[in-house]
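The values are calculated or read from the model by the stated rules, or taken from the named source; none is laboratory data. Given the structure is predicted, the values throughout are model-derived calculations rather than measurements. Every residue, glycine as well, gets a Cβ built from its backbone with ideal geometry; the counts of neighbours run over all protein chains shown.
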Amino acid sequence: MKKIHYDHAEIEQRWQKTWEDLDLFQNQVIANPQNKQYLLFAFAYPSGSGLHVGHVESKTALDMLVRFSRMQGKNVYFPVGWDAFGLPAENYAIQTGVHPAETTKTAINTFRKQIKRLGISYDWANEIATSHPEYYRWTQWLFLQLYHKSLAYQDSGAVNWCPSCQTVLANEQVVEGQCERCDSLVEQKNLKQWYFKITDYRDELLNGLENLDWPEATKQHQRHWIGKAKGLSIDFKLKENNQTLTVWTKFWETVYGVTFVVIAPEKFEELELGKLIDSDKKKAVEEYLDQAKHKTEEERRIGEKDKSGVDTGLTVINPVNGQGVPLLIADYVLMDVGTAIVMGVPAHDERDFEFAKKYNLNITQVISYEDKEFDSQVKNQERSFAGRGVLINSGRFDGQDSWGEGKQNVADWLIEQGLARWETTYKLRDWLISRQRYWGTPIPIVYDPEGQPHPVKEEHLPWILPTDVDFNPKGESPLKSSREFIERTERLYGKGWRPEFDTMDTFVDSSWYFLRYLDARNSQEFASKDKLKTWLPVDLYLIGPEHIVLHLLYARFFTKFLRDEGYLEIDEPFNKMRHQGMILGPDGKKMSKSKGNVINPDEIIQKFGADALRIYEMFMGPLEADKPWDDRAVAGVARFLNRIYNLAQEETTNKTEPTLERKLHQTLKKVTEDLLVLKLNTAIAMLMECVNQWEKLSRESNIGVLTKEDLLIFIKILAPFAPFLSEELYAQITGTTESTGYQGVHVQVWPEFDAKLAQEEQVMIAVQVNGKVRAQLAVERQQVGDQVKILDLAKTNPEVEKWLADKIIIKEIYVPGRIVSLVAD
RNA sequence: GCCGAGGUGGCGGAAUUGGUAGACGCGUAGGUCUCAAAAACCUAUGAAGGCAACUUCGUGAGGGUUCGAUUCCCUCUCUCGGCACCA
């Protein structure tokens, strides 16, 4: 039969229009808890460059699962929206003068069009954009709820400042001392800013991870970020005035080895220790404090190699042995770790060792090691070592295991003596949400003429983002340039009142969007309790691994807060979460415009069709892996689809070829199982195997090889993968017309798997002799369980006999249906 | 330095979680069709040896457990992510 190329463009456009006219899969949020499935894709920032192949990957993967679930009779909700506030649109506005609202709208329209072309079956009825007043009104409402509970508060202190973005950043947005977005070196500034008190939930955020079905690596990451550490706070006394200086340590067993104490510059000032210093030291100390204050992030990093500090001339008493040791100031001690005062144990800590060497401080070994070389190196003050050993020079604890009884006994004793207590520290700090940028949600706060903050009244929400604004960065919030904003505030609150000019971190917007999805047009509340109760939690969240600490932590925090406020009944928003990998350029590198290795999905759709693009991206490899693009492999997928199209044109028969029927049911089984665990690459491979066999049999036969029913089974299991082609073929075969109402493949029931039909009649059993496969036995299915017979068959097989000649069998193993293993000597 | 993921043909990747390594796709070679090409289809395709049936080797390296290891254990090595002066 003559092979034709089916017209993918025509078919795809026609069905896209039909589905849209029918409002297929729209308005799926109904309060029906039966069989509910809330499937969530991390909503995207609508960038001006449009959809890229990475977007296609995650959207398509979930769409396949969604279509499959629907056919399985699940009540599926699959919403869509836009993380529409953000810097790129604002930066573009600075360059071109085009208002961010304009560019955002255009970008969303482009994305929407592209997504529809891909055949993603989103429910558009609850589409949201975080920049829409009816959305950010509730972001502001949430801020106010936090404010009323004192979980949103204002504080001044050192903050991370990006000189290029002209805004402060959250700790989470500083990567290696650089701005996450533009890689500028981050500076420290003292500013009064708004914070969310996420630390109130730190223990729950940590413990809640336990039962989540998330990738273990992601959970581990969040644990590290929260950074809970149990240690001992030990009180040292200042000799000069008996003032207590508390150090915090995880290595208290080395306390007898303390030969100095180091304090962070900021802490030294906070405790006002300067006044105790002798005049001869005063100048050096003041100089050091001044210099430390002005160190840039870059200089500090250089300092990693060369530690600096200054002796205060003050003496600290080690409580365990009464020894007086010097107090030094050094900026390698960080203000926000522990108590910002560190006990210096140079024999057993690398940093302390370095510091001691540089400033000629004493070194006392208090742990001896089994390894003689190590031990003598430490003894000779050539290096430090932090491994396990036996305590020495440690009074009553000498001879005890430094990681076992010794560690325990030292702690017990210190606590008993009232010298120390357990203290748990965390790395997680409160979330700084103020941003000195325009394109974001305005913080709903106004200041009275005395400068005291007050919440914007709820009836004034949404607290609209003004439009008469000069975007050009001047180191302060662009909103200050809006006359309307100030006039509005004075009109509503009184003369001399001023609005808060900062906007919120866009991560605030995205921390609760999955809640708004459930009731996006509700003007009375952020979502009705009924719908929240019905649909939460999210059943599967597919999100890039780049959101591990930021978004996922914040969203969990919001969920827990709203639960405590009585709005939600769940503790965790996303019980099951998976990551999609990155699609790399053909060169195996991350796609970027500057590298010129970007693949445009529109071009692929035009050339090969949306179905081919969808299937290719899923066929590339495991969803979670990073995979390089291969242009030629897309053509292979297009070929696969074309073969299906041509085979489906052939006549059907009244009895399916038995081997093909078997293959079809094996395929049904494999595809069903793989879809449930998102192993889409192997599901597609199985579909290909099935088609290969179908084609082979069809070639060898003059008449049809498939019944109409079996053909329809194949089309149905193809439907989640290739929604357009399967819809077309289904319509062709069943002859349904629009007049009968929509009866297309996407509302059909997923076929039932028949184990009997999938079973092979003959099973191939391999025979190993001394671990090497030497023969294959074709065994009737009924005989597989007959061990005696199978072993007999194996031993009398001529191939096997050859290898058994002159040998005695000493062991026989039969794994039913798989393998016979004979051991002979 | 620490934490995490990983290393399988020329390439992307499979492998029922201890049971025939290399499914499926790409690429390559030869062929069919064609005046020719493209497209499409067929056959072969881990490496080495052999005319051949066949044999040996082979999942980053080395060792171990086992009748049997890509899979489990130990040591090492390389790659990719992340964190990092965290006391």
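Pick from the stretch A:519-571 the residues that are within 20 Å of the chain's Cα centre (by Cα) and assigned to a loop (DSSP other than H, G, I, E, B): which of them is farthest from RNA strand B (Cβ to nearest atom)? Ranking the candidates gives A:Leu536 first. Among the conditions (1) more than 11 Å from RNA strand B (Cβ to nearest atom); (2) touching a residue at least 24 places away in the same chain (Cβ under 8 Å); (3) out of contact with any Gly (no Cβ under 6 Å at 6 or more places or on another chain); (4) not polar (S, T, N, Q), A:Met688 misses just one, which is (1). Look at A:Gly399 and say whether it is in contact with a strand residue (DSSP E or B) (Cβ under 8 Å, 6 or more places away or on another chain) and either of a type in the set (Phe, Trp, Tyr) or in a loop (DSSP other than H, G, I, E, B) (or both). Yes.
The residues of the stretch A:624-662 that are more than 10 Å from RNA strand B (Cβ to nearest atom), surrounded by 15 or more Cβ atoms within 10 Å (Cβ to Cβ) and β-branched (Val, Ile, Thr), listed by number, are A:Ile644, A:Thr652, A:Thr653, A:Thr656. The listed residues are A:Gly596, A:Gly636, and the only one of them that is of a type in the set (Gly, Ala, Ser) and modelled with pLDDT of 90 or more turns out to be A:Gly636.
For the stretch A:357-370, a residue qualifies if it is surrounded by fewer than 15 Cβ atoms within 10 Å (Cβ to Cβ) and under 18 Å from A:Gly404 (Cβ atoms), and exactly one does: A:Glu370. Taking the listed residues A:Val80, A:Val66, A:Val29, the one that is among the β-branched types (Val, Ile, Thr), part of a loop (DSSP other than H, G, I, E, B), surrounded by 15 or more Cβ atoms within 10 Å (Cβ to Cβ) and under 28 Å from the mean Cα position of the chain (by Cα) is A:Val29, with no other qualifying. Determine which single condition A:Leu725 fails, assuming it passes every other condition in (1) closer than 30 Å to A:Ala638 by Cα; (2) surrounded by fewer than 11 Cβ atoms within 10 Å (Cβ to Cβ); (3) aliphatic (A, V, I, L, M). Here A:Leu725 meets the rest and fails (2). Can you tell me which residues in the stretch A:122-139 are assigned to a strand (DSSP E or B) and of a type in the set (A, V, I, L, M, F, W, C)? Listed by number, the residues that qualify are A:Trp124, A:Ala125, A:Ile128, A:Ala129.
Within the stretch A:479-488, the set of residues being modelled with pLDDT under 95 and either hydrophobic (A, V, I, L, M, F, W, C) or in contact with a Phe, Trp or Tyr (Cβ under 7 Å, 6 or more places away or on another chain) (or both) comprises A:Leu479, A:Lys480. Any residue at all in the stretch A:459-478 that is modelled with pLDDT under 90, assigned to a helix (DSSP H, G or I), under 26 Å from A:Glu134 (Cβ atoms) and not hydroxyl-bearing (Ser, Thr, Tyr)? Yes: the stretch A:459-478 contains one or more residues that are modelled with pLDDT under 90, assigned to a helix (DSSP H, G or I), under 26 Å from A:Glu134 (Cβ atoms) and not hydroxyl-bearing (Ser, Thr, Tyr).
Checking the stated criteria, A:Gln154 turns out not to satisfy the condition of being in contact (Cβ under 8 Å) with a residue 12 or more places away in the chain, within 30 Å of A:Gln13 (Cα to Cα) and among the polar types (S, T, N, Q).
Of all residues in the stretch A:417-440, those satisfying the criterion of being assigned to a loop (DSSP other than H, G, I, E, B), aliphatic (A, V, I, L, M) and within 23 Å of the chain's Cα centre (by Cα) are A:Leu428, A:Ile433. Meeting the requirement of 1 or more residues that are within 30 Å of A:Phe721 (Cα to Cα) and of a type in the set (D, E, K, R), the helices (runs of 4 or more DSSP H) wholly within the stretch A:740-825 are A:755-758.
Of the residues A:Ile277, A:Ile198, which is within 30 Å of A:Val446 (Cα to Cα) and β-branched (Val, Ile, Thr)?
Answer to the check: A:Ile198.
Which residues, counting only those in the stretch A:778-819, are within 9 Å of RNA strand B (Cβ to nearest atom), hydrophobic (A, V, I, L, M, F, W, C), surrounded by fewer than 17 Cβ atoms within 10 Å (Cβ to Cβ) and at pLDDT below 85? Across the stretch A:778-819, the qualifying residue is only A:Ile810. Could you go through the stretch A:37-48 and let me know if any residue there is surrounded by fewer than 18 Cβ atoms within 10 Å (Cβ to Cβ) and not in a helix (DSSP H, G or I). Yes; the residues of the stretch A:37-48 include at least one that is surrounded by fewer than 18 Cβ atoms within 10 Å (Cβ to Cβ) and not in a helix (DSSP H, G or I).
Is one or more of the residues making up the stretch A:441-453 surrounded by fewer than 19 Cβ atoms within 10 Å (Cβ to Cβ) and not in a loop (DSSP other than H, G, I, E, B)? There is at least one residue in the stretch A:441-453 that is surrounded by fewer than 19 Cβ atoms within 10 Å (Cβ to Cβ) and not in a loop (DSSP other than H, G, I, E, B). Among the residues of this structure, A:Leu584 counts as one that is in contact (Cβ under 8 Å) with a residue 24 or more places away in the chain, within 16 Å of RNA strand B (Cβ to nearest atom), surrounded by fewer than 22 Cβ atoms within 10 Å (Cβ to Cβ) and not polar (S, T, N, Q).
With the structure loaded, tell me whether A:Asp352 is within 10 Å of RNA strand B (Cβ to nearest atom) and at pLDDT 90 or above or whether it fails that test. Considered against the rule, which asks whether it is within 10 Å of RNA strand B (Cβ to nearest atom) and at pLDDT 90 or above, A:Asp352 comes out as yes. Inspect all residues belonging to the stretch A:738-758 and state whether any of them is within 9 Å of RNA strand B (Cβ to nearest atom) and surrounded by 12 or more Cβ atoms within 10 Å (Cβ to Cβ). Scanning the stretch A:738-758, I find no residue that is within 9 Å of RNA strand B (Cβ to nearest atom) and surrounded by 12 or more Cβ atoms within 10 Å (Cβ to Cβ), so the answer is no. Residues in the stretch A:213-239 that are part of a loop (DSSP other than H, G, I, E, B) and more than 16 Å from RNA strand B (Cβ to nearest atom): 1 in all.
When we screen A:Glu603, A:Glu661, A:Glu569 for residues that are closer than 30 Å to A:Ala755 by Cα and either among the charged types (D, E, K, R) or without any contact (Cβ under 8 Å) to a residue 60 or more places away in the chain (or both), the only hit is A:Glu661. Evaluated against (1) within 16 Å of RNA strand B (Cβ to nearest atom); (2) out of contact with any helix residue (DSSP H, G or I) (no Cβ under 9 Å at 6 or more places or on another chain); (3) not hydroxyl-bearing (Ser, Thr, Tyr), A:Asn242 falls short on exactly one condition, (1).
Can you confirm whether A:Asn654 is more than 42 Å from the chain's Cα centre (by Cα) and more than 29 Å from A:Gln762 (Cβ to Cβ)? No, not satisfied.
Taking the residues in the stretch A:587-623 that are assigned to a loop (DSSP other than H, G, I, E, B) and within 8 Å of RNA strand B (Cβ to nearest atom) as candidates, determine which candidate is farthest from A:Tyr541 (Cα to Cα). Restricting to residues being assigned to a loop (DSSP other than H, G, I, E, B) and within 8 Å of RNA strand B (Cβ to nearest atom), the top hit is A:Gly588. Restricting attention to the stretch A:689-707, the residues that are within 30 Å of A:Thr60 (Cα to Cα) and surrounded by fewer than 17 Cβ atoms within 10 Å (Cβ to Cβ) total 3. Here A:Arg563 passes the criteria (1) closer than 30 Å to A:Phe507 by Cβ; (2) out of contact with any Asp or Glu (no Cβ under 7 Å at 6 or more places or on another chain) except the one numbered (2).
Only one of the numbered conditions (1) farther than 23 Å from A:Phe385 by Cβ; (2) away from RNA strand B (no atom under 14 Å from the Cβ); (3) modelled with pLDDT of 90 or more is not met by A:Ile329, and that is (2).
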